[in-house]
Amino acid sequence: MALIKSISGIRGTIGGSTGDNLTPLDIVKFSAAYGTWLLQAGAGKTVVIGRDGRISGSMVQELVVN
């Protein structure tokens, strides 16, 4: 499955190469970009991170939180 970027978020299969699938580097880049946008927009400091029960969910959550 290719990395899909849309208005509703990003989707992809964990692993593989950056830009083709969803890698830890992609997760960090998208999370950092969103955090930067929030700071520049002067938005509040509360962010809710939702996840499902997949095995990769905890890894993705930790990357986003950090």
Labelled set (i) 40, 26, 19; (ii) 35, 22, 19; (iii) 41, 33, 23; Cα extents along the principal axes in Å computed from this model equals the value at (ii)
For the chain, averaging the sequence separation of alpha carbon pairs under 8 Å that lie six or more residues apart and dividing by its residue count, the contact order in percent is 22
To the nearest Å², the heavy-atom accessible area per residue of the chain with 1.4 Å probe amounts to 75
Mean-square fluctuation maximum in Gaussian network of the chain, Cα pairs under 10 Å, restricted to GLY53, GLY15, GLY35, hits GLY53
For THR18 the rounded accessible area (nearest 10 Å², probe 1.4 Å, non-protein molecules ignored) is 70
Carbon and sulfur atoms account, in whole percent of the 1.4 Å probe accessible area of the chain, for 60
For the stretch 17-27, Karplus-derived ³J(HN,Hα) couplings (6.51, -1.76, 1.60; θ = phi - 60°; whole Hz; x for glycine and proline) come out as 9, 4, x, 9, 10, 8, 9, x, 4, 4, 4
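The values are calculated or read from the model by the stated rules, or taken from the named source; none is laboratory data. What you are looking at is a predicted structure, and each value in this text was computed from that prediction instead of being measured. Just the protein is used for accessible areas: all its heavy atoms, side chains included, with ligands, DNA and RNA removed. Shrake-Rupley method; radii C 1.70, N 1.55, O 1.52, S 1.80 Å.
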